[in-house]
Amino acid sequence: MEQITDPQTLSGHYPHQTGLTAYGNGGFRFAELSHKGSLLCVPSGMHAWSVTSPAELTLESLQPIIDQADRIDVLLIGLGTDILPIDPAIRAALRDRKIIVEATQTGGAIRTYNVLLAEDRRVAAALIAVENAR
């Protein structure tokens, strides 16, 4: 893998929304790059995300989604290895912005995200990193 020298990438931001090619070992691969930690995939690009568990999922942690709501129809939330209910206040705030929310395990969210992105759909993903890919 080539060394990353792009200042935006070094700061936790890749300036293009792209598909994911792998996940596990606490991170993700995309655009021939490796990212350690959780990840937001939004129209403005791929962003490091500080959330490490479903309990940390808040409207504040999803602010980049809210900021770009006019460019997103579907938000896929990868909850790590669990499937848990999303806080109704989060669902309501996103529904008010006309964003459909689907929450599942991270692997399933990635697979669906890649398909919808390939179909040129207005999709975003909030993905909690996992150690073991399924």
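The values are calculated or read from the model by the stated rules, or taken from the named source; none is laboratory data. In this text, all values refer to a predicted model and were calculated from it rather than measured experimentally. Glycine also receives a Cβ, built like all others from the backbone with ideal geometry; neighbour counts cover every protein chain displayed. With ligands, DNA and RNA removed, areas are computed over all heavy atoms of the protein, side chains included. Shrake-Rupley method; radii C 1.70, N 1.55, O 1.52, S 1.80 Å.
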Net charge of Cβ neighbours under 15 Å - reference Gly37; Lys, Arg +1; Asp, Glu -1: 0
Structure-derived semi-axes √(5λ) of the Cα gyration tensor in Å: which label, when the choices are (i) 33, 16, 14; (ii) 37, 21, 17; (iii) 22, 17, 14: (iii)
Positive-end residue, region 7-116 charge dipole about Cα centroid, Cβ charges, pick of Ile110, Ile100, Ala31: Ala31
Added length on full extension, which subtracts the Cα-Cα distance from 0.36 nm per residue, Thr58 to His13: 14.1 nm
Tilt relative to the chain, helix 106-118 - C-alpha long axis, 0 to 90 degrees, to 10: 80
With every protein chain in place, the chain: carbon and sulfur % of accessible area (1.4 Å): 50
